[in-house]
Every structure is written in structure tokens, then in C-alpha cells.
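A.B. asks: Next up is a structure, given as C-alpha cells.
The values are calculated or read from the model by the stated rules, or taken from the named source; none is laboratory data. A quick note: this is a predicted structure, and the numbers were derived from the prediction, not measured. Using ideal geometry, Cβ is built from the backbone for each residue, glycine included, and neighbour counts are taken over all protein chains shown.
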Amino acid sequence: MSTIKLWLENSRDWLDGYGKSAWIAAMVLGFIFLWPVGLALLFYMIGTKRMGKYNFSSKNGRYNFTIRAGSSGNTAFDSYREETLKRLEEEQAEFQSFMAKLREAKDKAEFDQFMDNREARGVDAPNTPPAPKPGFDATPSPA
């Protein structure tokens, strides 16, 4: 095992021993002394969920931020909460698909309007050469 990897693992274990406040302090110091180190620590903390009970996920290029709480001790409430969260996630997925269909319909309507305007102007003959510019003779002069 390389010494760098061993050092990083020992540092991670040491910071984990002191908790979230040690990770935040390391990140702030990283930003103060060398900003890429602080940025790397921030991404590492978010990616490994060391910032708490947060869930970051990307769907369709958008980030969803949800907080997942632990068990409350009341099984009836916990099951109700899980069912409600599941229903809300399904409704969110349905709404996102509805919005995607709505955007597609709007794009199609705009494109159809563009094509209708184009046909009304008579631009549907792409093989006709452009008219020559005034003062420019397109025929070559004999040498």
C-alpha cells in the first residue's frame, strides 16, 4: 500500500474520530490555505454523506435535496411517513414527466408555427441559387 493512500486513510479515520466538526474545520482550513483542497474536502464530505442525514441525488440534471430522519420509535408513524414520502416521490416523478411532455408539446407547436411561416414566405425551394449581389459579375472575364 502506498504511503499517500495510508496517510489519507489515517487522516480520514482521525477526522471521523472527532466527528463532523473536525471535518468542517479541515474543510475551512483547506479553503483558507489552498482552495482546491477545501473544495475537494467539501465534495468528499458530500459524496460520502459525512455532512449528516442528507441525500443528494441528480435526476434529469436537477438536484433533489431530501432529509431522511431516523426511526422515531413509533412504528405506525414511521410506516405512515415512509408511505407519504414514497407517494410524494411518485407524484414528483409524474409531475416531472408531465413537464417534459409539456415542453415537448410547446417545442413542437413552435416548430410547426415556424414551418408554416416558412411555407407562407415560399422558402421551401432550397435548390434555387442566391441572387447575385449588385455590382458583382458572376461570369469570369476572358483572359
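A.B. asks: From the set of residues in the range 5-18 that are under 32 Å from the mean Cα position of the chain (by Cα) and exposed (fewer than 10 other Cβ atoms within 10 Å of the Cβ), which is nearest to Lys49 (Cα to Cα)?
C.D. replies: Asp13
A.B. asks: State which residue is farthest from the chain's Cα centre (by Cα) when the search covers only the range 19-29 and only residues that are under 16 Å from Thr48 (Cβ atoms) and either at pLDDT 80 or above or surrounded by fewer than 10 Cβ atoms within 10 Å (Cβ to Cβ) (or both). Break it down into steps so the answer makes sense when it comes.
C.D. replies: Restricting attention to the range 19-29, the residues satisfying the condition of being under 16 Å from Thr48 (Cβ atoms) are 19-20, 22-24, 26-27.
Keeping just the survivors that are either at pLDDT 80 or above or surrounded by fewer than 10 Cβ atoms within 10 Å (Cβ to Cβ) (or both) gives 20, 22-24, 26-27.
Values: Lys20: 26, Ala22: 29, Trp23: 25, Ile24: 25, Ala26: 27, Met27: 23 Å.
By that ranking, first place goes to Ala22.
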